[in-house]
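First comes the structure, then the notes that go with it.
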Amino acid sequence: MSDVPDSAARRYAGACHCGAVQFECSLDLSGAIACNCSICSAKGLVLAFAPADAFRILAGEERLNEYRFNRHVIGHMFCDTCGVEPFAKGQMPDGTPMAAVNLRVLKEVDVAGLSPTPYDGRSA
Ligand SMILES: [Zn+2]
């Protein structure tokens, strides 16, 4: 796994609620967003984005189920035991594969201390 080359990106560890799914990633939390689309609202997701090579599943990949809806461009990955979505799979605008990480599952991150940028996914 490589670190994101620029900026304030640093490494974080995360897991689903039951701990079956474990991962690590490099993220710049200044890029965090709070999206108002139907699924982000329902799940309370606050997200930040990592290129696929800055995201690595350490355990439990076989426990992940995938949910797609609407245009089916984003794979919402959730644990088959606890139901928590640690991340989603998608693409950057330039087509680069990326992970949209649920910041609420990162061990060292207090989402209440962040100021995520609102994103109008409901209208997108
Ligand atoms: Zn779980």
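Within the shell defined by Cβ-Cβ distances under 14 Å, the residues around residue 104 carry a net charge of -1, with Lys and Arg each +1 and Asp and Glu each -1.
In the context of the full set of protein chains, region 10-107 has a per residue accessible area of 49 Å² (1.4 Å probe). How high is the relative contact order of region 10-107? Use alpha-carbon pairs under 8 Å, at least six apart in sequence, and give a whole percent. Relative contact order for region 10-107 comes out at 31 percent. Taking all protein chains together and a 1.4 Å probe, the residues 92, 98 rank 92, 98 from largest to smallest accessible area.
When ranked by the protection proxy of mean other Cβ atoms within 10 Å per residue, highest first, what sequence do the peptides 47-59, 106-118 form?
On the way: 47-59: 18.3, 106-118: 12.1.
Taking the mean over residues of other Cβ atoms within 10 Å, the ranking is 47-59, 106-118.
With n ≥ 4 as the cut-off for DSSP H runs, can you work out [θ] at 222 nm for the chain, using -39500 (n - 2.57) per run divided by the number of residues, rounded to the nearest 500? Using -39500 (n - 2.57) per qualifying helix, the result is -1000 deg cm²/dmol.
Expected output is a single nm value to one decimal: the length gained when fully extending between residue 94 and residue 8, i.e. 0.36 nm times separation in residues minus the C-alpha distance. What is it?
Numbers: separation 86, 0.36 × 86 = 30.96 nm, distance 2.13 nm.
Contour length minus Cα-Cα distance gives 28.8 nm.
The values are calculated or read from the model by the stated rules, or taken from the named source; none is laboratory data. Keep in mind that what you see is a predicted model, and the values were worked out from it rather than measured. Don't worry about glycine lacking a Cβ; one is built from the backbone with ideal geometry, like all the others, and counts go over all protein chains shown. What goes into the accessible areas is simple: the full protein's heavy atoms, side chains included, and nothing from ligands, DNA or RNA. Shrake-Rupley method; radii C 1.70, N 1.55, O 1.52, S 1.80 Å.
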